[in-house]
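**Q** My structure is below; once you've seen it, I'll send some questions.
The numbers here are math on the coordinates, done by the rules we state, and not lab data. Everything numeric in this text was worked out from a predicted model, so none of it was measured. Ideal geometry is used to build each Cβ from the backbone, glycine not excepted, and the neighbour counts take in all protein chains shown.
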Ligand code: SF4
C-alpha cells in the first residue's frame, strides 16, 4: 500500500467559521471546525475518516474539494493528466477543470437529487458543464454509467421518486463518476440506507474502486462500515486529527485514548471477545471554545498534569502511524481484537 502513488496530500488544513456579534456584526470569535489537519490519500486506496457528529469530518471533506473555502492550508492533488495542483490556490477556471477529477457523493440520496429532473439530466449535468460532448453523446454516456452502477439504462427518462433509496444512491454515484474522477469524497454515503442496502452500495463502491482505480475519502460515524471499507483510518476529535494509521493498526492497537473509547463502543459479533465499554464523561467540547492543552483531557481517563497545559504534537510515532497524545509511547490501549 505504501508504495502506491500519492493522489492527495493536504497539510495544515484549517476551516474556521467566524462568529459575529448580533448588533454590530463585529468578529468576536471563531468556530474551529477543522484545525490544522494533515491527511493524504494514495492511488486506489480508501482513507476512512471517523469521529462523533460535529467533529469536523464533513467540513474537512468539503474544504479539501473546496466546496467551502478553507481558511488556511495546502492541498496538493495530482490530476489525471499528472499535473500536481494546490487546490486551495486555484482560480475559478482552474478549479472547474480540476473538479472533473475530484467528486463527492452525498449522504442523503433523497435530498441530493433534484426531484424535478429526470435521471438523464441529473447524471449528465456535470458533463454539460465540464465536457464538449453533444446531447446524444451525453445520453450514451449516461446509459453507460447507469449500467456501470447496476441500474437499467432504459430508465433514464424516470424521475428520482421512481427509485428506492439504494437505487437513488447508485444514481448519485453515477453522477459522481460522470467526469471520470480519480478521487471521490463519500460523505456518510451509506448512513441513510438500510443495513442490507448499505452492504450492496459498499460492494458497488469497492467494485468501482478496483475497476476504475479510484481513491476514496470515506467519511462515516459508523466504525463497522469504516473498518470494512478502509485501507487507512483517520480519527477526528473537535476539529483535530488525533490519530491516523492503517485500518489494521487503528482497530488492533490504537495509540490514542479517544480511539480506544470509540472502539470500545463498537458492536462485536463474537461474545468471547466482549469487553468493557468505556463511558466518556462530560460533553464533547464546543469547537468555538475548546479546552486548554489536549482537547480530550476533560474526558480522558489517562490524563496527567501536562495534558491540560500543553497541546500534544501530532507526530509519526511508528511508520505510517500518526498520533497526538502526550502519553502515546507508554500507554497500552485496547483495540477491537484481543490477542
Ligand atoms: Fe489523554 Fe493526555 Fe493523551 Fe490527551 S494527551 S489523550 S489527555 S493522555
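**Q** Just to be sure I understand: with springs between alpha-carbon atoms less than 10 Å apart, which residue in 18, 181, 70 has the highest mean-square fluctuation in the Gaussian network model of the chain?
**A** Between 18, 181, 70, it is 18 that shows the largest mean-square fluctuation.
**Q** Relative to the first principal axis of the alpha-carbon coordinates of the chain, what is the inclination of helix 165-177, with its axis defined by its Cα atoms, in degrees from 0 to 90 and to the nearest 10?
**A** Result, in degrees: 80.
**Q** Separate question: To the nearest 10 degrees, how steep is helix 119-130 against the longest Cα principal axis of the chain, on a 0 to 90 scale?
**A** 80 degrees
**Q** When the chain is modelled as a GNM with alpha-carbon springs shorter than 10 Å, which of 86, 305, 194 fluctuates the most?
**A** With Cα springs under 10 Å in the chain, the top fluctuation among 86, 305, 194 is at 305.
**Q** Taking the DSSP beta bridges in the chain as the whole, what percent of them are antiparallel, to the nearest 5?
**A** Taking every DSSP beta bridge within the chain, about 60 percent pair in antiparallel fashion.
**Q** For the stretch 1-91, what relative contact order do you get, as a whole percent, if you take Cα pairs closer than 8 Å and at least 6 residues apart?
**A** Across the stretch 1-91, relative contact order equals 33 percent.
**Q** Follow-up question, since we're still on this one. Just rank 161, 297, fewest to most, by other beta-carbon atoms within 10 angstrom.
**A** Final ranking by Cβ density, sparse to dense: 161, 297.
**Q** Okay, moving on. Once the Cα atoms of helix 195-212 and of the chain are each reduced to a long axis, what angle between those two axes, in degrees from 0 to 90 to the nearest 10, is obtained?
**A** For helix 195-212, the angle is close to 70 degrees.
**Q** Which shape class applies to the stretch 120-257: rounded if a/c is under 1.5, otherwise prolate when a/b exceeds b/c and oblate if not, where a ≥ b ≥ c are the square roots of the Cα gyration tensor eigenvalues?
**A** prolate
**Q** In what order do 28, 235 fall by count of nearby beta-carbon atoms within 10 Å, going from fewest to most? Present the calculation step by step, with values, prior to reporting the outcome.
**A** On the way: 28 12, 235 27.
In increasing order of surrounding Cβ atoms, one gets 28, 235.
**Q** Which one, 23, 106, 183, has the greatest fluctuation when you compute a Gaussian network model over the chain with C-alpha springs under 10 angstrom?
**A** In the Gaussian network model the winner is 23.
**Q** Okay, next question. Using alpha-carbon pairs under 8 Å, 6+ residues apart, how would you state the relative contact order of the stretch 84-188 in percent? Show your work: numbers first, answer last.
**A** Numbers: 131 pairs, mean separation 47.5, N = 105.
The normalised contact order for the stretch 84-188 reaches 45 percent.
**Q** With the contact rule set at Cα under 8 Å and sequence spacing of 6 or more, what percent relative contact order holds for the chain?
**A** Computed over the chain, the figure is 19 percent.
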